[in-house]
Each structure stands twice: as structure tokens, then as C-alpha cells.
1. Would you call residue A:371 within 28 Å of residue A:191 (Cα to Cα), more than 11 Å from every other protein chain (Cβ to nearest Cβ), without any contact (Cβ under 8 Å) to a residue 40 or more places away in the chain and surrounded by 24 or more Cβ atoms within 10 Å (Cβ to Cβ)?
2. Could you please let me know if residue B:285 is at pLDDT below 95, open to solvent by 30 Å² or more (accessible area, probe 1.4 Å) and more than 10 Å from chain A (Cβ to nearest Cβ)?
3. Hey, among the residues in region B:79-99 that are without any contact (Cβ under 8 Å) to a residue 12 or more places away in the chain and of a type in the set (D, E, K, R), which one's surrounded by the most Cβ atoms within 10 Å (Cβ to Cβ)?
4. For region A:410-422, give me the residue count where each residue is under 24 Å from the mean Cα position of the chain (by Cα) and crowded, with 19+ Cβ neighbours inside 10 Å.
5. Only residues that are open to solvent by less than 50 Å² (accessible area, probe 1.4 Å) and away from every other protein chain (no Cβ under 13 Å): list them for region B:162-186, please.
6. Considering each of A:490, A:530, A:521 in turn, give the residue that is at positive phi and touching a residue at least 24 places away in the same chain (Cβ under 8 Å).
7. Does residue B:66 qualify as being of a type in the set (Asp, Glu) and either in a strand (DSSP E or B) or without any contact (Cβ under 8 Å) to a residue 12 or more places away in the chain (or both)?
8. For region B:187-216, how many residues are surrounded by fewer than 19 Cβ atoms within 10 Å (Cβ to Cβ) and more than 18 Å from residue B:297 (Cα to Cα)?
2 protein chains.
Amino acid sequence: MTADALVIFTPSGKRGRFALGTPVLTAARQLGVDLDSVCGGRGICSKCQITPSYGDFPKHGVTVAEGALSDWNAVEERYRQKRGLAAGRRLGCQATVQGNIVIDVPPESQVHKQVIRKSASDRVIEMNPATRLYYVEVAEPDMHEPTGDFERLKAALAREWAIGDVTAPLPVLARLQPALRKGGWAATVALHKGNHDDGHRILDLWPGFWEGRLYGLAIDLGSTTIAAHLTDLRNGSVAASAGVMNPQIRFGEDLMSRVSYAMMNPGGDAEMTAVVREAIGRLAQELATEAGIEARQIVEAVFVCNPVMHHLLLGIDPVELGQAPFALATSSALDLSLAEMGIAGVNPAARAYILPCIAGHVGADAAAVALSESPQTSDDLVLVVDVGTNAEILLGNRDRVLACSSPTGPAFEGAQISSGQRAAPGAIERVEIDPATKEPRFRVIGSDLWSDDPGFAEATATTGITGICGSGIIEAVAEMRMAGLLDPSGLIGNPEQTGTARCLPDGRTFSYMLHDGRADGGPLILVTQGDIRAIQLAKSALYAGARLLMDEIGTDTVDRVVLAGAFGAHISPKHAMVLGMIPDAPLDKVTSAGNAAGTGARIALCDVTARARIEADVAKIIKIETAIEPRFQEHFVAANAIPHATADFPHLRAVATLPDVAFNTGGGEGRARRRRRD
Amino acid sequence: MTADALVIFTPSGKRGRFALGTPVLTAARQLGVDLDSVCGGRGICSKCQITPSYGDFPKHGVTVAEGALSDWNAVEERYRQKRGLAAGRRLGCQATVQGNIVIDVPPESQVHKQVIRKSASDRVIEMNPATRLYYVEVAEPDMHEPTGDFERLKAALAREWAIGDVTAPLPVLARLQPALRKGGWAATVALHKGNHDDGHRILDLWPGFWEGRLYGLAIDLGSTTIAAHLTDLRNGSVAASAGVMNPQIRFGEDLMSRVSYAMMNPGGDAEMTAVVREAIGRLAQELATEAGIEARQIVEAVFVCNPVMHHLLLGIDPVELGQAPFALATSSALDLSLAEMGIAGVNPAARAYILPCIAGHVGADAAAVALSESPQTSDDLVLVVDVGTNAEILLGNRDRVLACSSPTGPAFEGAQISSGQRAAPGAIERVEIDPATKEPRFRVIGSDLWSDDPGFAEATATTGITGICGSGIIEAVAEMRMAGLLDPSGLIGNPEQTGTARCLPDGRTFSYMLHDGRADGGPLILVTQGDIRAIQLAKSALYAGARLLMDEIGTDTVDRVVLAGAFGAHISPKHAMVLGMIPDAPLDKVTSAGNAAGTGARIALCDVTARARIEADVAKIIKIETAIEPRFQEHFVAANAIPHATADFPHLRAVATLPDVAFNTGGGEGRARRRRRD
């Protein structure tokens, strides 16, 4: 009988026989067990903590006796005294196998899995960050064999970690000599290896063993807001999140007005580039302050954005994106330094990864949605809609994926709506209208109470009731249709037709009064005929885009629908279907993915292998340009009614009743429209 | 008989048979004939001009008839009208083979050879610059197959030039779209490919076919002066050269005083880095102005320098180089951007290549000398001495090469000499002393006349006679020894001992009066006892370094000696041997290589393959650290006499007579020295 023993790791269940005296860390590595180590098994970093289990394990067919691990040793004792070690814990690099043993790897010693908690579903991200810390012991200089400190550091990385092809920027080289001497010829280096084949790059280094952590920014650069998650690159956890308004708004509310600004004002693109870079730098600083870390610890950023934001971020004039053939300056993913991009507030050597663009109208944000929602690996046919000022639409399954962009305009975000506002406390976000009484009830952001619940007034006293946000206007319009206040053409009925005094005359048309706060000094919140028309245009554009892709694939139905976008998270699927925003599908097959682009950015930040995957996937996506497809216009016009063709919505009938009303009696808007045509 | 013909190229003599109709350029490429082309054979660039020869060619065994090439075509005619084409010239891409033909490739159509004219020998540099121009025609954007302009440019480079792995910095990406549209979907790109494996990088681009040229800087960054050659990267010719004082001089005359300045003044290294970078940027601008080119056309620079200059250039504190073990921060060759180095006055994307350092005291300048003088490929044993403030010494042959540095101090450059000055008009550079009369004659920089030639006073009226430069002091000391004014210990005799009133008392010692210009308001130029001691220290250090390497290799003689360094070009081999600066060798085997480090820089600039070669060679050089070798001290002390051991200099006796005098009679310096010892 050879001197070996059975080692079983939990929770993985991986097992194997090892010679007595084998360190637990070595056994874990040989079995591919996810057990962390930064210091390379020197008892310095304590990342490899494990908990041995003793007793009978009938499930594993093994009994573990005392003495199955080597005795507590001096290294462990020193570590315990210096930093503390929980009872029962051992250092995997110090404890050696002395008998059959069951070893538990606690969650904090596992690095390669990270759960992102989302509104709808949890998601597991593999942790393979591009930048990692490595502890190395470097040979001292020798006059007889003169080599540079950097060359000896490279030799140490090759010897201890099998890492070759290492470079360092000048500022790191400049800090190398004092760091190595201060650290007693040891250092902790932050090494970056992107998915493009450009070797390992030392981004920073610290004397000796450094206890700190590295962070990355997942940045969703939208036309309206810039959202950033400061992410711990060790375990993927979000240390701080923040969003700011995109300061480019002062140059134009929507993308095309910003492109126009660049066209009309020489240097206008550079102005917009400067303000957005500055804002990102400030955001980084704020996040670092909030999380209590140094700017230096932020070593990476991943960006997702639409093509116009993409070009303005990179300092490229977006003028070509404003006219056919909508040529991108570059569509590939980019691996850059943040300093080269003019972004401060981070480590001076920090790297940026920018996801690839799919087409001139379908940007890195859509690529991020594809990374997050993965239609390209779906068995069933999935429609993914990222609802924003432009809607990016993906349709497909593992056979093929199509993409397009549809110019929905900002109505879904509450803009161009009479009482519209951004989603903020005080905004009406949910609406119900009683089909009998035509009376509304609603909820505002900041309170869980409905407006007819007791205590609602008190609960909303501080925020007030300030307007309607995007999800609120969608529900309001859909509820108005279900309550018989709107006819299929989108016309609001008058008080006689609808039987409610809430339908107020408003010029030649009628508005529906959702809330009258004037007695308390608040606003009168109406849904006007103009609001209805704005929503109709937006939803027709969205539907026409989806329909175009369905035509291309040759289908009239999809298996499921995913609503993405920060706003998509708040859309009620039922109301979206009543409006005809999306193709018909069983209601339980319409789900929200939350900010899928942001999730995609986090995935690319935490898992460098995901970058190569999405680059390959994006290359295979089939792009459809809505601007040159005549059928897009046909679908757009045909989709104006609410809903546009009841026959297309078999599942809708199961969840909603749509009264058969018609208000176009020659008065109001009907007359006005005819007059404008004259 | 197949329809082909014999094509013979001159001057190469390369020949082959080609199908009728084959373009001459194609034939040249298939035969490996050095015939240039930038536009890829489109008749745009005219770089492939050739001259067909007609008649009988008995040497080649061929008769060339009219009609051996295709008729003058429309492309050639258009080119001739637009740009002119010399009589008899054809475009190699347009003219096709129609019969047996002899084709001459004129020098300007050959790109791969360049002769550097040096004082002693011509040198051929292969032209393989890291940065070249490529003309490409790029596909227009297509909405149905959306890709970025950059991706289509990359596809064109791959298709037309078989070049892959292309990247571009953001400012180039930002200029891409307007350039392609202005150039009618064609552009000329400057592509850089270093010898490290980092792909092709677009440094700049121009709309359509660009007629301009690219330049590089070969920079010899010395402690005292910065010399730069602006070099045409197409043919290696030098468009302009300039030198400026190293502005770091105000922080310390020699290297160690600059290291001390950095040690004593926090931020002192950064100050020195800033001034040298600024000076290099200004130098680049001046050279561009002088050559009449734009700063943008300077796309590369190669740097050679000693380790302290190397670190200060890179922004690395040189403090470790001032103390054992003299550890370099990095010793490898570096491939950087000049912008990253903070150097302006060049293309914003320009690249820098910095040769590897050999050891803490033996820098990139010594590597450049090795590249230029190539002891590593020499059959005979060659000693290469780069004489400057520190002397870098290489000894070896193809079997092995050893290197060391010796702290000669600045005496050889005229510093620490009572009447010493830098080599500039007015400085005494050549000296002869009549052994009978003890009277001197000399020449000054700026005139070819000797001081006893008629017209000398007029010829030197504007410059005056201002002092003695390095080569002048060496000759003066050697001539004093040969004239019996100095004894072997280096002591100057008194007037009675030497028989000349030019030996003037000077405190307790004597000086030799070389020139008295006081009557005309000029200086009194003496060679003092202190000057002799300074030269003795310097030459002992130089000899001891060479001797140490000879010990290591186990030899008492070398086959030849190469004196390098700007100063080395002016040292008289005979006087150097009289002084005992260098080991004995036949006088005709002591040659000057001029500024060999600068030549090495030019080679690395013009031929990227030379970079890989010298990096490999440097890795094999055996480094000897003089500071820790006890034998260095022994050799240094033993080498004090002039010459130190006549027996070691068999060749010297053939060229010089050294009087057997001894002046140490207990007076003067001898007494003073004894007193100091008390």
C-alpha cells in the first residue's frame, strides 16, 4: 500500500488520492478545485483558507480522523496572530495531507464564480478578470551578471507564475527600483492581459505583499445618463454604483441633435468629447471616494454605448453616423489606455475595453445586450429589445441572430410628453384606470402605496407628485385604451363619449386628467392627445423594427421577448402588449432583463474570455438597416393603431379586454388633421 | 518554344525567363531584385523607374531589340506630363516584357542599400526601416455589410500588401474618415512594425497617394552634448544634423554629479528629465525647419546613451546607478512612443527605439558601438574604446566579447585642465614640440595652418586662440614626454633640467608655456603639473579597463584597436600610444571609428533587423564590473607612468623615442607630496 490518502473537496465533490505530505493547495490545483492564492503558496496572502471536516461521511464513503491534516504550523500561527484566522480554518498552502480527509472550500476562498443578482434572475459570471495581482520574489542585482531590476522581475514572473511577454509603462518602471528595495526584493504587481494578443502589461506595483484589491468600472455611457459600477475584480462584487446626467445634453437632447451640433460647429465634437471624458473621470473619483479606495486601485474600465457616444468618447467626429451609409470609423472592440482616452480619476496606467459596434446604428450597447442575454446561444427564438431613445433590437437563436436599431425617439423615457419627466422620486410610474368608473389610481416612485391607499398623501408629502415617467405613460395609455377612453386609432373620447368629466377639452382635442395637484400647489397632470400620438410613433417604430427582423427570419411569432434597458425593467409586459410595442407572445414569456447593456459591461469586465466570445458573436450577427428598408415604413404605418391588428395578438385577448369604441366623429383632432392637409 | 523571354537586371546581374506580358516590376520581385514600389504597381508612385538597355550584350549573351518592352502606355504618359520622367526611363509596373531584355535599376529605384560615409571607411546599411509608407485603396462602406472604415482599411492592407495585425492610435482613427473621403477611398499610410512582436501600427495617414517622405532621428544623447541626425527613412540619407549642449549640465558637469543632484534634491531627477526631453523636442523642430519638412514627417527616433542619461531620459531616478551594485531599472531595449516619453516636435504617434544597456556602467551607447563596430563578428581580436567622460571598452572577436566601463573622468574632453575647453573654434587641437629647441607649434580648430605657418595670425584672428581641447592636451602631454620636458613619472622639469625658459615655476611645480597671447589680450596657455596629473589619471583608468578585459580573455596583445567617440576621431594614435592610453599595437592597426555610437543609432534607425541582432548580441556580451575587480586598481596604479612599462610597447619604439630623464630631485611636487603625506 502506497503512502497516500483520499482527499475530497466540498462543495465541488472533486476527489483524488495524494501522497502524504501534499499541501492541500497543491491537491486542489491538481484536481482543478477553485481555491484561491495570490502569494503562490507562501502563507502570506491567506486567500487559500480551507475548513477540514472530521468524522463519518457515509455519502463520500470516508471517515476522517484527527490528524488527517498536518499540525498547525508556525506560518499559520504567525498569520493568525497578525491578521486573525477564524476557528477551524487552515491555510491550504501550509496544511498537508496526512490521511483521508474532507475539505470544505468556503465561498470567500473561491474566486471563479460570481452571482449577479438581477431583478428577474440571478446570473453567474465566471471570474477571469483581465487584471490580476501577483506576488513575486525578485532576485537581487548581481554585479557579475548585470541585468535590470525589471528583467529580474520578469524572470520571477516567468519562474513563479509561468507568465511571459511582460511589459511595463514608463511610470511603472520609474517606481520599480524603490518598490523592490522597500519590499525586501518582493512586490505585488497588477498584471493586465487583454483578450487581444498583446502580452502582459504591468499596470502598477506595490512593495512586498500588498493586501489591497483592484477594481474596474463597468460604464454604460448613454445619451442621457452615464451609469458606472465600481466592481471588485477579485470577486465581481459591486463596491459602489452611481449615475450622472450625460453633460453632452446641453449640446443636444438626442443623438441626432448632437451629430448636428458637431456638423454645424467646428470643434463641436471635441467639446462634446471633452465634457463626457471629464464627467467619467469625476464619476470614477466619486465612486472611489464612496467605496473608500484610492483612484490608483481602479485599473480597468469597460464601456458600452451607442455608436454616436462611442465616437464622441473616442474623440472621433460622429458626422458620418448622421447620414447614409452611416459608416463607423471603427467597429472592432478596442483595447486602450484610459489615459490615452483622456480620462482621469483612475490608475494612470488603467486600461479600457470598449465592446465592438454591430453597425452604424447598432452599437457596443447592443453588443453588451447580446453578451448579457445571449440570443446567440438560445434554443428558442428570442426577441431582445433594449428600449431607450433608440431601440436596439436583436432577434434570433443559436442558428442566427439579426440586429437592427429603430428610432423610437425619447417618448418612452418621458420626454416629449406634456407631463413627462425622467424616472425620479415623485414621478408616476404605475397607473390603473377602473373600466367602470374611469377613475385612475397610481403609484409614484419613492412609495409602495397606491394613490387610493390610506397614508398615500403622507408617504408622498416630501417628493410630491411631479409628473409621469416612461413606464407611467405607457401604463396610462394602455389603461386608457382598456377603459374605453381611447379608441383603436388613438383618439381620446370626449366626456359624453367616455362618460367621465376627466376627459377635458384641450384645444380641438381632449385630454385625460390623471391627477390634479393644483389645490396643494402641485401640477395638473394630463395625458394629452399629443402624448398619445408621441407614444404611438414610438411604439410603431419599435414594433416595425421587430417585425422587420421577423420578416427577415420568416416568422410571424417569437417564442419569447426580453425587455432590456433600465427603462425596460419597469415596463409592464401586459401594458406593452396592449400598446402593441412588441409582437404577441404568452405573457409569461415576456421578461425584463433590467439594464442588460450594463450587465454585459460587467460580464466583460469580470471575464476577459467573454470579450473574445462577444467579438466573435458580433461578427456573425446579421445587420439590418431600417433606414433603407421600405418594409420598415410599411410596418411603421401599419402599427399605428392600439393594438394595430388584434388578429396578430392571440395571447393578448387572454389578458386584456379592449372595448370596441370609435371616437373619430369628425370633431376634434379629426377636423384639425383634415384642415392641416388642406 | 514557350512564349517567354530572358530578363536580365543590372547592376545585380539577376536573371530569369518570364512569360511575355509580365510587368518588369513583377519580374524584379520574383527574382528578388531591389526595385522599389509604394503604390503597389498602379503607376502612381513612380518609385519603380527602370532604364531598358538595347543592343548587343556579349557579357550577358543576349541581344536586345527594339520592342523588347511593351509600348509607352497611357499611364506612363500621364505620369510624364504630370510629374516628368527622364528620357529613357520607364515605369517598371507598366512596361511589360516582350522579348529578351537588359534592364538597369537606377540607384534611386533601389531602396535596400545605403552608404554611410565615415572618416575612415564607408559603411553599407541595409534599408529595412521600421516605418514605411503604403498606398491602399479602401472599399467604400456598404449599409448591408456594415463595417468600420478602419476595418475596411485593414482588409485593404491585408489584400494588397499581405499585412495583418494592424492597429491605430485614437488620433489616427479620428482622422481616418475625412482622409478616406478626401482621397477618393484611397490613402497613404505610415505603418510601423518594430522588432518586438507587437504588430503593425498606423502612425499617420494622408488622403490618396502622398508624395512626401518619412524621417527618423538618430539621437546620441551624451552627458555633454545631444547630437541628432534627421534621416530619410526611404534611403537613409541624412537630411540635417545638429547638436546642442545637454541642458542637464547646469545640474552637474559629469554623470556622478547629476546622480548626486538627484540624490540630494527631491524631484531633481524629474527636473533633469524635463530639460533633456524639452531640448530633444527643440532639436527635432530645428532639424525639421532646416530640412524644410513638417514635424509630422518625423515618425521615429532611435536613442543611444549611457545608463544615467538613459534613466533620466525615461524619467527614472538614476540613484541606483550611483552606488553598488549599480542596478539598472531596466536593461532591455525599449519600444515606446515619443509622446509617452514627453518629447514633442515630432509626429504625435512617433515611435522611439532605445538600444539595450549592457550593464549599470555600460549603456545603450556601448551597445550602439557594438552594433557599429561589430567586434562580435570580427575574426581578429579587436579592442573598441569609446572615449568620453566614461570610457566604454569592448574587447573580443566572434568567439566572445567582453565589456566594461572605466571612469576616465572628463580630462580627455578638456575639462579639469587649466586651459582646457571643449572642441570649438579657437581651441588648440594639434601640438608638436621640437625635441631640440623645445619650442611648440600647434593648430587650432577652424584653421588648417600650423602656428608657425605664414598667415596663421590672420587665419585665427576671428576665433583667437582660446584654450586646449581634449585631443590637444593629449598631444601636448605626449609631445612634452618625447621632447624630454616630462619624465616617465609625469613630472615637468625645471628650466635648468629641460633647457627651456618655457618651463615656468608655478607654485612648487613647473608648467610648460604652450602659448602666450596676453600681448594681444588673449590668454596665457600653460600645461600645468596638475594638467599632467589629470591626464595620467584618465589614461591610467582607460588602460586599466582595457587591460582588465585582456586579463579576462587571457591575452597580452590585441590585433587592432578602434577609437570611437566624437573625440576618438581626433586622437592621434601615435600620441595615444606614447601616453599609454591603449595597449600596444601596430600603429596602422589603430583606427578611428568616429562617432560609432551615433553610427549605431543610424543603423538601428534604418534597419529594424539590426535591432534584433544587437539585442541578441548584447545578451551574449560578458560584463566586467571594474569597480569590484581588485586587479583594476592594480592595473590603474601600475599604468601611471608615461609610458608605464616600455617593455609592453614593442610597437611604440618603432614610432617614438622617449628620452630617459628623471626630474624628481626632491624639490617641487616631490616635496609637496611628501609634506601632504605627513
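The values are calculated or read from the model by the stated rules, or taken from the named source; none is laboratory data. No experiment lies behind these values; they were computed from the predicted model shown. Cβ: placed from backbone, ideal geometry, glycine included. Neighbour counts: every protein chain shown. Ligands, DNA and RNA are excluded from the accessible area calculation, which covers all protein heavy atoms including side chains. Shrake-Rupley method; radii C 1.70, N 1.55, O 1.52, S 1.80 Å.
1. When the stated conditions are applied, residue A:371 does not pass them.
2. Against the criterion (at pLDDT below 95, open to solvent by 30 Å² or more (accessible area, probe 1.4 Å) and more than 10 Å from chain A (Cβ to nearest Cβ)), residue B:285 does not qualify.
3. Taking the candidates together, the pick is B:80.
4. Residues in region A:410-422 being under 24 Å from the mean Cα position of the chain (by Cα) and crowded, with 19+ Cβ neighbours inside 10 Å: 6 in total.
5. B:163, B:183, B:186 - these are the residues of region B:162-186 that are open to solvent by less than 50 Å² (accessible area, probe 1.4 Å) and away from every other protein chain (no Cβ under 13 Å).
6. A:490
7. Spelling it out, it is not the case that residue B:66 is of a type in the set (Asp, Glu) and either in a strand (DSSP E or B) or without any contact (Cβ under 8 Å) to a residue 12 or more places away in the chain (or both).
8. Total satisfying the criteria: 4.
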